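Scroll down for the structure; my scribbles are underneath it.
The values are calculated or read from the model by the stated rules, or taken from the named source; none is laboratory data. Please read these numbers as outputs of a predicted model, since none were measured by experiment. Cβ: placed from backbone, ideal geometry, glycine included. Neighbour counts: every protein chain shown. Quick note on the areas: whole protein, heavy atoms, side chains included, nothing else; ligands and nucleic acids left out. Shrake-Rupley method; radii C 1.70, N 1.55, O 1.52, S 1.80 Å.
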Amino acid sequence: MPPRSAYQNRTPRSSWLRPASGTLSLGRRHRPDYWLLVAAVILLAVGLIVIFSISPALSAVAHVSSSYYTVKQLMAIGLGLVALVVTSQVPLDKWRQFAKPLLILAAVVTSVAIIMPVNPSYPAHRWVRLGGLSVQSVELLKFAVLIWLAGLLAHHIQNGTIKNVQLTLKPIAIALIAIGVVVAGIQSDLGSTGVIAMIIGSMLFVAGMPLKRLAMITGIIVIGLAISVMAIPYRRERLMTYFHPSADCQTAGYQACQAIIAVGSGGLSGLGLGSSVQAYGYLPEAANDSIFAIYAEKFGFIGAVALLGVFVALFARLKRIAERAPDDFSRLLAVGVFTWLSVQSLINIGAMIRVLPLKGITLPFVSYGGTSVIFVLAAIGLMFQISHYTDYNSGRQRNRGEHNADSSDRRRVRGAYHPNIGSR
(Lines give C-alpha, C1' and ligand atoms only; values in the text may rest on other atoms or scores of the structure.)
Protein backbone atom coordinates (compact mmCIF):
# COMPACT_ATOMS: atom_id res chain seq x y z
CA MET A 1 0.00 0.00 0.00
CA PRO A 2 1.50 3.39 -0.95
CA PRO A 3 2.24 5.78 1.93
CA ARG A 4 -0.35 8.47 2.63
CA SER A 5 0.38 12.12 3.17
CA ALA A 6 -0.64 14.01 6.30
CA TYR A 7 -3.48 15.48 4.28
CA GLN A 8 -4.88 12.00 3.74
CA ASN A 9 -4.45 10.60 7.26
CA ARG A 10 -7.68 9.31 8.75
CA THR A 11 -9.00 10.61 12.06
CA PRO A 12 -11.36 8.62 14.29
CA ARG A 13 -14.84 8.06 12.84
CA SER A 14 -16.46 9.96 15.68
CA SER A 15 -14.58 13.10 14.68
CA TRP A 16 -15.58 14.29 11.23
CA LEU A 17 -14.65 17.90 11.88
CA ARG A 18 -11.36 19.60 11.24
CA PRO A 19 -8.67 18.31 13.66
CA ALA A 20 -6.51 20.67 15.68
CA SER A 21 -3.68 20.47 13.16
CA GLY A 22 -5.82 22.35 10.64
CA THR A 23 -6.06 19.60 8.02
CA LEU A 24 -9.41 18.17 7.07
CA SER A 25 -10.23 14.60 8.10
CA LEU A 26 -10.77 13.36 4.57
CA GLY A 27 -9.66 9.78 5.12
CA ARG A 28 -8.38 7.43 2.44
CA ARG A 29 -8.34 8.66 -1.16
CA HIS A 30 -10.28 6.40 -3.53
CA ARG A 31 -11.76 6.36 -7.02
CA PRO A 32 -13.67 9.63 -7.60
CA ASP A 33 -17.15 10.06 -9.05
CA TYR A 34 -16.48 10.15 -12.78
CA TRP A 35 -20.22 10.10 -13.52
CA LEU A 36 -20.34 13.62 -12.12
CA LEU A 37 -17.94 14.71 -14.85
CA VAL A 38 -19.82 12.74 -17.50
CA ALA A 39 -23.09 14.54 -16.69
CA ALA A 40 -21.33 17.94 -16.69
CA VAL A 41 -19.65 17.25 -20.04
CA ILE A 42 -22.94 16.16 -21.63
CA LEU A 43 -24.61 19.39 -20.53
CA LEU A 44 -21.69 21.46 -21.83
CA ALA A 45 -21.88 19.63 -25.16
CA VAL A 46 -25.63 20.22 -25.42
CA GLY A 47 -25.17 23.93 -24.81
CA LEU A 48 -22.35 24.18 -27.33
CA ILE A 49 -24.38 22.34 -30.00
CA VAL A 50 -27.38 24.64 -29.52
CA ILE A 51 -25.20 27.77 -29.59
CA PHE A 52 -23.42 26.51 -32.73
CA SER A 53 -26.75 25.87 -34.44
CA ILE A 54 -28.14 29.35 -33.70
CA SER A 55 -24.85 31.20 -34.09
CA PRO A 56 -25.64 32.34 -37.67
CA ALA A 57 -28.94 33.84 -36.52
CA LEU A 58 -27.39 35.55 -33.50
CA SER A 59 -24.48 36.82 -35.58
CA ALA A 60 -26.79 38.28 -38.21
CA VAL A 61 -28.69 40.22 -35.57
CA ALA A 62 -25.51 41.40 -33.78
CA HIS A 63 -23.56 42.03 -37.04
CA VAL A 64 -20.57 39.92 -36.04
CA SER A 65 -18.79 36.90 -37.53
CA SER A 66 -20.94 33.79 -37.91
CA SER A 67 -18.56 31.86 -35.65
CA TYR A 68 -18.34 34.57 -32.97
CA TYR A 69 -20.64 32.99 -30.37
CA THR A 70 -19.34 29.47 -30.91
CA VAL A 71 -15.70 30.52 -30.53
CA LYS A 72 -16.41 32.51 -27.37
CA GLN A 73 -18.31 29.61 -25.83
CA LEU A 74 -15.44 27.24 -26.68
CA MET A 75 -13.04 29.64 -24.98
CA ALA A 76 -15.29 29.78 -21.90
CA ILE A 77 -15.46 25.99 -21.73
CA GLY A 78 -11.68 25.78 -22.06
CA LEU A 79 -11.15 28.25 -19.20
CA GLY A 80 -13.83 26.47 -17.19
CA LEU A 81 -12.06 23.13 -17.58
CA VAL A 82 -8.85 24.77 -16.36
CA ALA A 83 -10.79 26.08 -13.35
CA LEU A 84 -12.17 22.58 -12.75
CA VAL A 85 -8.68 21.09 -12.73
CA VAL A 86 -7.42 23.78 -10.34
CA THR A 87 -10.28 23.44 -7.86
CA SER A 88 -10.07 19.65 -7.96
CA GLN A 89 -6.32 19.69 -7.19
CA VAL A 90 -5.90 22.49 -4.64
CA PRO A 91 -6.55 20.83 -1.24
CA LEU A 92 -9.81 21.68 0.49
CA ASP A 93 -8.06 23.02 3.59
CA LYS A 94 -6.35 25.56 1.31
CA TRP A 95 -9.72 26.65 -0.06
CA ARG A 96 -10.89 27.06 3.50
CA GLN A 97 -7.93 29.34 4.19
CA PHE A 98 -8.65 31.31 1.00
CA ALA A 99 -12.28 31.92 1.98
CA LYS A 100 -11.98 35.47 3.35
CA PRO A 101 -9.53 36.73 0.66
CA LEU A 102 -11.84 35.26 -1.98
CA LEU A 103 -14.85 37.00 -0.44
CA ILE A 104 -12.94 40.30 -0.34
CA LEU A 105 -11.96 39.82 -4.00
CA ALA A 106 -15.61 39.21 -4.90
CA ALA A 107 -16.62 42.38 -3.05
CA VAL A 108 -13.95 44.39 -4.88
CA VAL A 109 -14.96 43.02 -8.30
CA THR A 110 -18.62 43.76 -7.51
CA SER A 111 -17.71 47.32 -6.50
CA VAL A 112 -15.76 47.80 -9.73
CA ALA A 113 -18.76 46.53 -11.72
CA ILE A 114 -20.98 49.10 -10.01
CA ILE A 115 -18.76 52.07 -10.89
CA MET A 116 -17.95 51.02 -14.46
CA PRO A 117 -19.87 52.50 -17.40
CA VAL A 118 -22.65 50.23 -18.62
CA ASN A 119 -23.10 48.73 -22.05
CA PRO A 120 -26.16 50.29 -23.77
CA SER A 121 -27.24 46.78 -24.79
CA TYR A 122 -27.19 45.64 -21.14
CA PRO A 123 -27.82 48.75 -19.00
CA ALA A 124 -27.07 47.15 -15.64
CA HIS A 125 -23.99 47.36 -13.44
CA ARG A 126 -23.31 43.63 -13.45
CA TRP A 127 -20.16 43.32 -15.56
CA VAL A 128 -16.53 44.31 -15.33
CA ARG A 129 -15.48 44.97 -18.93
CA LEU A 130 -11.85 45.11 -20.00
CA GLY A 131 -11.44 45.41 -23.73
CA GLY A 132 -13.35 42.56 -25.33
CA LEU A 133 -13.56 40.58 -22.09
CA SER A 134 -16.30 40.82 -19.49
CA VAL A 135 -16.77 39.26 -16.05
CA GLN A 136 -20.14 39.03 -14.34
CA SER A 137 -19.34 39.77 -10.72
CA VAL A 138 -22.24 37.86 -9.16
CA GLU A 139 -20.86 34.49 -10.38
CA LEU A 140 -17.63 35.08 -8.45
CA LEU A 141 -19.74 36.22 -5.50
CA LYS A 142 -21.72 32.94 -5.47
CA PHE A 143 -18.51 30.92 -5.47
CA ALA A 144 -16.90 33.06 -2.74
CA VAL A 145 -19.99 33.02 -0.48
CA LEU A 146 -20.18 29.25 -0.84
CA ILE A 147 -16.63 28.66 0.41
CA TRP A 148 -16.75 31.37 3.09
CA LEU A 149 -20.03 30.14 4.56
CA ALA A 150 -18.96 26.48 4.54
CA GLY A 151 -15.83 27.40 6.50
CA LEU A 152 -17.71 29.67 8.92
CA LEU A 153 -20.41 27.10 9.71
CA ALA A 154 -17.94 24.21 9.99
CA HIS A 155 -15.92 26.29 12.47
CA HIS A 156 -18.98 26.96 14.64
CA ILE A 157 -20.05 23.30 14.47
CA GLN A 158 -16.59 22.32 15.70
CA ASN A 159 -16.71 24.83 18.55
CA GLY A 160 -20.32 24.06 19.48
CA THR A 161 -21.45 27.63 18.77
CA ILE A 162 -23.62 26.99 15.72
CA LYS A 163 -26.74 28.18 17.61
CA ASN A 164 -25.08 31.36 18.88
CA VAL A 165 -26.88 34.26 17.22
CA GLN A 166 -24.11 36.79 17.77
CA LEU A 167 -21.31 34.60 16.43
CA THR A 168 -23.11 32.75 13.65
CA LEU A 169 -26.09 34.73 12.43
CA LYS A 170 -24.72 38.26 12.73
CA PRO A 171 -22.03 37.97 9.99
CA ILE A 172 -24.44 36.02 7.78
CA ALA A 173 -27.16 38.66 8.25
CA ILE A 174 -24.70 41.43 7.35
CA ALA A 175 -23.66 39.51 4.22
CA LEU A 176 -27.29 38.94 3.20
CA ILE A 177 -28.20 42.60 3.64
CA ALA A 178 -25.16 43.71 1.63
CA ILE A 179 -25.97 41.22 -1.15
CA GLY A 180 -29.59 42.34 -1.19
CA VAL A 181 -28.69 46.03 -1.45
CA VAL A 182 -25.95 45.60 -4.05
CA VAL A 183 -27.04 42.64 -6.19
CA ALA A 184 -30.82 42.97 -6.02
CA GLY A 185 -30.88 46.77 -5.65
CA ILE A 186 -28.00 48.36 -7.55
CA GLN A 187 -27.34 45.53 -10.03
CA SER A 188 -31.07 44.72 -10.47
CA ASP A 189 -30.34 40.98 -10.31
CA LEU A 190 -33.12 39.61 -8.13
CA GLY A 191 -32.75 36.08 -9.53
CA SER A 192 -29.13 35.71 -8.44
CA THR A 193 -30.01 37.21 -5.06
CA GLY A 194 -32.63 34.52 -4.62
CA VAL A 195 -30.13 31.80 -5.57
CA ILE A 196 -27.59 33.09 -3.04
CA ALA A 197 -30.28 33.29 -0.35
CA MET A 198 -31.26 29.69 -1.05
CA ILE A 199 -27.62 28.58 -0.86
CA ILE A 200 -27.25 30.25 2.53
CA GLY A 201 -30.56 28.85 3.81
CA SER A 202 -29.80 25.26 2.80
CA MET A 203 -26.32 25.38 4.34
CA LEU A 204 -27.72 26.80 7.60
CA PHE A 205 -30.32 24.03 7.69
CA VAL A 206 -27.74 21.28 7.19
CA ALA A 207 -25.40 22.91 9.72
CA GLY A 208 -28.07 22.47 12.40
CA MET A 209 -29.45 25.97 12.80
CA PRO A 210 -32.69 25.83 14.88
CA LEU A 211 -35.78 25.76 12.69
CA LYS A 212 -37.41 28.70 14.46
CA ARG A 213 -34.48 30.94 13.58
CA LEU A 214 -34.45 29.61 10.03
CA ALA A 215 -38.14 30.39 9.73
CA MET A 216 -37.50 33.92 11.01
CA ILE A 217 -34.68 34.44 8.50
CA THR A 218 -36.83 33.04 5.70
CA GLY A 219 -39.66 35.38 6.60
CA ILE A 220 -37.36 38.40 6.55
CA ILE A 221 -35.95 37.36 3.14
CA VAL A 222 -39.43 36.84 1.68
CA ILE A 223 -40.54 40.26 2.92
CA GLY A 224 -37.40 41.84 1.46
CA LEU A 225 -37.95 40.13 -1.90
CA ALA A 226 -41.58 41.22 -1.95
CA ILE A 227 -40.60 44.84 -1.26
CA SER A 228 -37.91 44.73 -3.96
CA VAL A 229 -40.46 43.41 -6.47
CA MET A 230 -43.18 45.91 -5.67
CA ALA A 231 -40.78 48.86 -5.52
CA ILE A 232 -39.46 48.43 -9.09
CA PRO A 233 -41.95 48.97 -11.94
CA TYR A 234 -40.50 46.43 -14.40
CA ARG A 235 -40.52 43.74 -11.70
CA ARG A 236 -44.17 44.45 -10.98
CA GLU A 237 -44.87 44.16 -14.69
CA ARG A 238 -43.12 40.80 -14.88
CA LEU A 239 -45.12 39.54 -11.92
CA MET A 240 -48.38 40.71 -13.49
CA THR A 241 -47.33 39.06 -16.75
CA TYR A 242 -46.83 35.81 -14.87
CA PHE A 243 -50.39 35.93 -13.53
CA HIS A 244 -51.85 37.17 -16.85
CA PRO A 245 -49.48 35.70 -19.48
CA SER A 246 -51.42 36.62 -22.61
CA ALA A 247 -52.50 40.10 -21.53
CA ASP A 248 -49.43 41.97 -22.79
CA CYS A 249 -47.33 40.01 -25.26
CA GLN A 250 -46.07 43.12 -27.05
CA THR A 251 -44.25 44.90 -24.22
CA ALA A 252 -43.64 43.56 -20.68
CA GLY A 253 -44.72 39.99 -21.52
CA TYR A 254 -42.93 39.78 -24.87
CA GLN A 255 -40.08 37.47 -23.82
CA ALA A 256 -42.35 35.17 -21.83
CA CYS A 257 -44.78 34.87 -24.76
CA GLN A 258 -42.02 34.23 -27.28
CA ALA A 259 -40.46 31.62 -24.99
CA ILE A 260 -43.69 29.66 -24.71
CA ILE A 261 -44.13 29.91 -28.51
CA ALA A 262 -40.65 28.41 -28.95
CA VAL A 263 -41.36 25.59 -26.50
CA GLY A 264 -44.73 24.85 -28.09
CA SER A 265 -43.32 24.95 -31.63
CA GLY A 266 -41.03 22.04 -30.81
CA GLY A 267 -43.92 19.63 -30.42
CA LEU A 268 -43.02 16.05 -29.62
CA SER A 269 -39.74 15.65 -31.50
CA GLY A 270 -38.70 19.23 -32.37
CA LEU A 271 -38.15 21.20 -35.54
CA GLY A 272 -34.60 19.94 -35.98
CA LEU A 273 -31.13 21.24 -35.22
CA GLY A 274 -31.01 23.75 -38.08
CA SER A 275 -34.64 24.85 -38.12
CA SER A 276 -35.04 27.36 -35.32
CA VAL A 277 -37.32 30.33 -35.99
CA GLN A 278 -37.32 32.10 -32.63
CA ALA A 279 -33.55 32.60 -32.63
CA TYR A 280 -33.82 35.03 -35.56
CA GLY A 281 -34.56 38.08 -33.44
CA TYR A 282 -37.91 36.97 -32.03
CA LEU A 283 -36.87 35.53 -28.66
CA PRO A 284 -34.67 37.86 -26.56
CA GLU A 285 -31.53 36.37 -25.00
CA ALA A 286 -31.85 33.25 -27.13
CA ALA A 287 -28.35 32.02 -26.21
CA ASN A 288 -28.44 33.07 -22.54
CA ASP A 289 -31.56 33.14 -20.36
CA SER A 290 -33.85 31.67 -23.06
CA ILE A 291 -31.66 28.82 -24.29
CA PHE A 292 -33.93 26.12 -22.85
CA ALA A 293 -36.81 27.43 -24.98
CA ILE A 294 -34.59 27.31 -28.08
CA TYR A 295 -33.48 23.79 -27.15
CA ALA A 296 -37.11 22.69 -26.75
CA GLU A 297 -37.95 24.24 -30.12
CA LYS A 298 -35.20 22.22 -31.78
CA PHE A 299 -35.54 18.89 -29.94
CA GLY A 300 -39.14 18.93 -28.74
CA PHE A 301 -40.70 17.33 -25.71
CA ILE A 302 -38.58 14.18 -25.99
CA GLY A 303 -35.37 16.18 -26.11
CA ALA A 304 -36.46 18.38 -23.21
CA VAL A 305 -37.20 15.33 -21.05
CA ALA A 306 -33.80 13.86 -21.97
CA LEU A 307 -32.05 17.09 -20.97
CA LEU A 308 -33.94 17.22 -17.69
CA GLY A 309 -32.87 13.62 -17.11
CA VAL A 310 -29.20 14.61 -17.41
CA PHE A 311 -29.73 17.45 -14.93
CA VAL A 312 -31.43 15.05 -12.50
CA ALA A 313 -28.52 12.63 -12.86
CA LEU A 314 -26.08 15.45 -12.08
CA PHE A 315 -28.05 16.52 -9.01
CA ALA A 316 -28.25 12.89 -7.86
CA ARG A 317 -24.44 12.64 -7.97
CA LEU A 318 -24.12 15.89 -6.00
CA LYS A 319 -26.64 14.64 -3.44
CA ARG A 320 -24.72 11.38 -3.11
CA ILE A 321 -21.47 13.25 -2.49
CA ALA A 322 -23.15 15.45 0.13
CA GLU A 323 -24.56 12.40 1.90
CA ARG A 324 -21.18 10.72 2.12
CA ALA A 325 -18.87 13.69 2.56
CA PRO A 326 -16.18 12.96 5.16
CA ASP A 327 -16.43 16.16 7.23
CA ASP A 328 -18.68 19.15 7.80
CA PHE A 329 -16.77 21.59 5.61
CA SER A 330 -16.90 19.35 2.55
CA ARG A 331 -20.51 18.36 3.25
CA LEU A 332 -21.60 21.98 3.49
CA LEU A 333 -19.74 22.76 0.26
CA ALA A 334 -21.55 19.92 -1.49
CA VAL A 335 -24.95 21.05 -0.18
CA GLY A 336 -24.21 24.60 -1.32
CA VAL A 337 -23.22 23.52 -4.83
CA PHE A 338 -26.26 21.23 -5.06
CA THR A 339 -28.55 24.12 -4.08
CA TRP A 340 -26.81 26.59 -6.40
CA LEU A 341 -27.11 24.45 -9.54
CA SER A 342 -30.54 22.95 -8.82
CA VAL A 343 -32.26 26.20 -7.81
CA GLN A 344 -30.76 28.14 -10.71
CA SER A 345 -31.81 25.42 -13.17
CA LEU A 346 -35.30 25.35 -11.69
CA ILE A 347 -35.69 29.12 -11.97
CA ASN A 348 -34.45 29.21 -15.57
CA ILE A 349 -36.47 26.27 -16.88
CA GLY A 350 -39.54 27.18 -14.83
CA ALA A 351 -39.56 30.67 -16.33
CA MET A 352 -39.36 29.28 -19.89
CA ILE A 353 -42.41 27.07 -19.40
CA ARG A 354 -44.32 29.66 -17.33
CA VAL A 355 -44.23 27.72 -14.10
CA LEU A 356 -42.28 30.61 -12.52
CA PRO A 357 -42.02 34.35 -13.28
CA LEU A 358 -39.42 35.35 -15.82
CA LYS A 359 -35.96 36.06 -14.37
CA GLY A 360 -32.71 36.96 -16.11
CA ILE A 361 -30.69 33.98 -14.96
CA THR A 362 -28.64 31.48 -16.94
CA LEU A 363 -29.11 27.72 -17.25
CA PRO A 364 -25.96 26.15 -15.72
CA PHE A 365 -23.56 24.54 -18.23
CA VAL A 366 -25.92 25.14 -21.17
CA SER A 367 -26.32 28.92 -21.49
CA TYR A 368 -23.89 31.10 -23.39
CA GLY A 369 -21.73 33.10 -21.01
CA GLY A 370 -18.10 32.77 -19.96
CA THR A 371 -18.27 33.74 -16.29
CA SER A 372 -21.14 31.40 -15.51
CA VAL A 373 -19.48 28.44 -17.25
CA ILE A 374 -16.14 29.06 -15.53
CA PHE A 375 -17.46 29.24 -11.97
CA VAL A 376 -19.97 26.42 -12.38
CA LEU A 377 -17.13 24.17 -13.56
CA ALA A 378 -14.96 25.43 -10.70
CA ALA A 379 -17.70 24.29 -8.30
CA ILE A 380 -17.85 20.89 -10.02
CA GLY A 381 -14.08 20.63 -9.51
CA LEU A 382 -14.57 21.04 -5.75
CA MET A 383 -17.19 18.31 -5.77
CA PHE A 384 -14.96 16.00 -7.80
CA GLN A 385 -12.22 16.45 -5.20
CA ILE A 386 -14.64 15.67 -2.35
CA SER A 387 -15.78 12.54 -4.20
CA HIS A 388 -12.23 11.19 -3.78
CA TYR A 389 -12.89 10.93 -0.03
CA THR A 390 -16.57 10.02 0.31
CA ASP A 391 -17.17 7.64 3.20
CA TYR A 392 -19.57 4.77 2.47
CA ASN A 393 -19.59 3.40 6.02
CA SER A 394 -19.75 6.54 8.14
CA GLY A 395 -23.54 6.74 8.01
CA ARG A 396 -24.02 3.59 10.11
CA GLN A 397 -21.58 4.70 12.76
CA ARG A 398 -22.86 8.26 12.85
CA ASN A 399 -26.42 7.05 13.32
CA ARG A 400 -25.60 4.89 16.35
CA GLY A 401 -25.86 7.83 18.75
CA GLU A 402 -28.44 9.70 16.78
CA HIS A 403 -31.38 8.77 19.04
CA ASN A 404 -29.81 10.92 21.76
CA ALA A 405 -29.39 13.96 19.50
CA ASP A 406 -31.85 16.76 18.91
CA SER A 407 -33.30 17.53 15.50
CA SER A 408 -30.59 20.02 14.55
CA ASP A 409 -27.87 17.48 15.37
CA ARG A 410 -29.61 14.85 13.26
CA ARG A 411 -29.77 17.25 10.33
CA ARG A 412 -26.02 17.81 10.61
CA VAL A 413 -25.17 14.15 11.18
CA ARG A 414 -27.12 13.00 8.18
CA GLY A 415 -26.49 16.05 6.10
CA ALA A 416 -30.28 16.55 5.96
CA TYR A 417 -30.52 13.33 3.92
CA HIS A 418 -31.17 9.68 4.65
CA PRO A 419 -28.63 7.84 2.48
CA ASN A 420 -28.98 4.19 1.58
CA ILE A 421 -25.59 3.05 2.89
CA GLY A 422 -25.95 -0.39 1.37
CA SER A 423 -25.94 0.95 -2.20
CA ARG A 424 -22.70 1.67 -3.95
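Of all the accessible heavy-atom surface of region 266-385, with the other protein chains kept in place and a 1.4 Å probe, what percent is carbon and sulfur? All intermediate terms of the calculation are to be shown ahead of the outcome.
Numbers: 2360 of 3270 Å².
Percent of accessible area from carbon and sulfur atoms in region 266-385: 72.
Dipole magnitude of region 157-275 about its Cα centre, charges +1 at Lys/Arg Cβ and -1 at Asp/Glu Cβ only, in debye to the nearest 20? The partial results should precede the final answer.
On the way: 7 positive and 3 negative charges, 100 e Å.
Here the size comes out at about 480 debye.
Sorting CYS257, CYS249 by accessible area (1.4 Å probe), largest first, what list results?
CYS249, CYS257
Please report, in debye to the nearest 20, how large the charge dipole of region 291-387 is about its Cα centre when each Lys and Arg carries +1 at its beta carbon and each Asp and Glu carries -1 there.
Details: 8 positive and 4 negative charges, 30 e Å.
Here region 291-387 has a charge dipole of around 140 debye.
Where the centroid of each part is defined by its Cα atoms, how far is region 334-379 from region 38-109 in Å?
Region 334-379 and region 38-109 have Cα centres separated by 13 Å.
Quick one: Karplus J couplings for region 61-67, per residue in order, coefficients 6.51, -1.76, 1.60, θ = phi - 60°, nearest Hz, x for Gly and Pro?
Karplus values, whole Hz, x for Gly and Pro: 5, 8, 6, 10, 4, 5, 9.
List the lysines whose alpha-carbon lies under 24 Å from that of LYS319, not counting same-chain residues fewer than 8 positions away?
LYS94, LYS142
Pop the C-beta distance of LYS163 and GLN97 into the FRET formula with R0 = 35 Å and round what comes out to the nearest 0.05.
On the way: r = 26 Å, r/R0 = 0.73.
Between LYS163 and GLN97 the formula returns 0.85.
Averaged per residue, what accessible surface does region 195-250 expose to a 1.4 Å probe, in Å²?
Each residue of region 195-250 exposes 58 Å² on average to a 1.4 Å probe.
For LEU273, what charge total do you get from the other residues with a beta carbon under 12 Å from its beta carbon, if Lys and Arg give +1 and Asp and Glu give -1?
Within the 12 Å Cβ shell, the charges total 0.
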